[in-house]
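The values are calculated or read from the model by the stated rules, or taken from the named source; none is laboratory data. Worth saying up front: this structure is predicted, and the values here are computed from it rather than measured. Note: ideal-geometry Cβ built from the backbone for every residue, glycine included; neighbour counts use all protein chains shown.
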Amino acid sequence: MAGTILRSLAEYNISIEKCYIRPQTKFMNKQPDSKLKKLGVFTRSQAEAMGLSHQSLSRLVEEERIIRVGRGMYLHSEGELGRDIDYQVACAKFGPQSAIGGLTALFHYNLIEQVPGQVWVLVPPTQITHTRLYRLIRTKIKLDRGIISGSGYRIVTVERAVLEGLKMAKKIGERTAVQAARAALATGQTTEGKLGRAAKELELDSVLTRYFEVIST
């Protein structure tokens, strides 16, 4: 009898281990719990990578320990809801290569006064969206240059924000782009030298050359 029980346990050992390492929602392991808090906004796949099944995640949402902030996107109930929550949601939605840019980045750096009606996001050329909440900037410029990491999101540097603003002057308005560039220089957030180096790295030399005299006066 004992041998039969042991053989049965051996046969089902894998499934037993799976049940064990996936805790009940009300006894969520401290390690995943702590990591989820630090993540800010996270995706379902990120939760599953930490050992939370789709079913467990749904139960946590029902128990209000996890907040659903969008389709397939969540936030720990004790996580911080900072002013950058929109940035976190956008970057979680469009993937690890995405970054906040355009008018949203210029507003973030206090270079424009008007709040953008959409969140502007830099994405690879093939990325699409059907929601009007976001304005996608499909770019061929490498998305590992002129990018810095915030709390749960990525955003362009001041230099890249300024240079791409000038590049998109027809879209955002030439006056807006030029004033933003002047403000960045006037407030000391960047320098002509930094803009020059960034323009070379991002291959936007021609853009800076076209507007250099205007923004530096």
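All told, residue 65 meets the bar of being farther than 22 Å from residue 148 by Cα and crowded, with 16+ Cβ neighbours inside 10 Å.
Taken together, the residues in the range 120-136 that are under 24 Å from residue 190 (Cβ atoms) and surrounded by fewer than 20 Cβ atoms within 10 Å (Cβ to Cβ) amount to 1. The helices (runs of 4 or more DSSP H) located wholly in the range 154-197 that include 3 or more residues which are surrounded by 24 or more Cβ atoms within 10 Å (Cβ to Cβ) and either of a type in the set (Phe, Trp, Tyr) or within 26 Å of the chain's Cα centre (by Cα) (or both) occupy 158-167, 174-186.
Scanning the range 125-148 for residues that are in contact with a strand residue (DSSP E or B) (Cβ under 9 Å, 6 or more places away or on another chain) and either closer than 22 Å to residue 204 by Cα or outside the structural domain of residue 104 (by TED's automatic domain parsing) (or both) gives 125, 126, 135, 136, 137, 138, 139, 141, 143, 146, 147, 148. Considering only the range 89-118, state which residues are modelled with pLDDT of 95 or more and in a helix (DSSP H, G or I). 102, 103, 104, 105, 106, 107, 108, listed by residue number.
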